[in-house]
Amino acid sequence: MFRHRELAAKIAALTEDLEELRSEKNLLLASLAYTEEDAADKFPKDIAAMEQSMKRLEEQEQKYSAELDAALNEYAGLWEQAQGFDLVQFYETKQAIRSGKEQEAENRAQEVFGEKYSPLLMFDSKKAVSRMLHEDMERQAVWRMVRQAQKEQQTSRKKNEPER
């Protein structure tokens, strides 16, 4: 359970790092707007600097992508191992742990980005992590299990009630 929680937090952090890299890459590409006077002097220098930055960002993106893939694979393996557990209890425990870890990740992102922090980007990252971890399917499966257990309890009660 703890390794599962650690991996979920690592996946969230890696997803945030990838989003940050992609944003930085887009900012670099958007900064290519020049006036005609500046273009001849600044353009070659800026292109060289941007090529270096792009190379560094691509290397970091590959590194984070590889780490994310490894974490997702390990998460999937742990999820397979967890199939023997009570999935409802497992889900509830995971959700209880998750809220604290999400808040930690959000606080860390706010510290790192300062004024550039975007709640919308954080929300999108949380949704992306949820998609990668197939949490919608998990939530639906748990909901079906709870409904089935409730129906079985109601049926059992009706059978055990004395007739009037």
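Report the Stokes-Einstein translational diffusion coefficient (µm² s⁻¹, integer) for the chain, Rh taken as the Kirkwood radius over Cα pairs, at 10 °C with viscosity 1.306 mPa s. Value of D from the Cα-based Kirkwood radius: 82 µm²/s.
Entry note, the chain: relative contact order of 41 percent, from Cα contacts under 8 Å with a spacing of 6+ residues. Listed peptides 44-51, 103-110 appear in the order 103-110, 44-51 once ranked by packing, highest mean of other Cβ atoms within 10 Å at the front. From largest to smallest, the equivalent ellipsoid semi-axes obtained for region 85-157 from the alpha-carbon gyration tensor read 35, 12, 9 Å. Backbone phi angles across region 11-18, fed through the Karplus curve with coefficients 6.51, -1.76 and 1.60 (θ = phi - 60°), yield HN-Hα couplings of 4, 4, 5, 5, 4, 5, 4, 5 Hz in residue order; Gly and Pro are listed as x.
For the chain, adding -39500 (n - 2.57) for each run of n ≥ 4 DSSP H residues and dividing by the number of residues yields -31000 deg cm²/dmol at 222 nm.
Read-outs: derived from the displayed coordinates by stated rules, not from any lab. Since we're looking at a predicted model, the values are computed, not measured. Backbone-built Cβ (ideal geometry, glycine too); neighbour counts: all protein chains shown.
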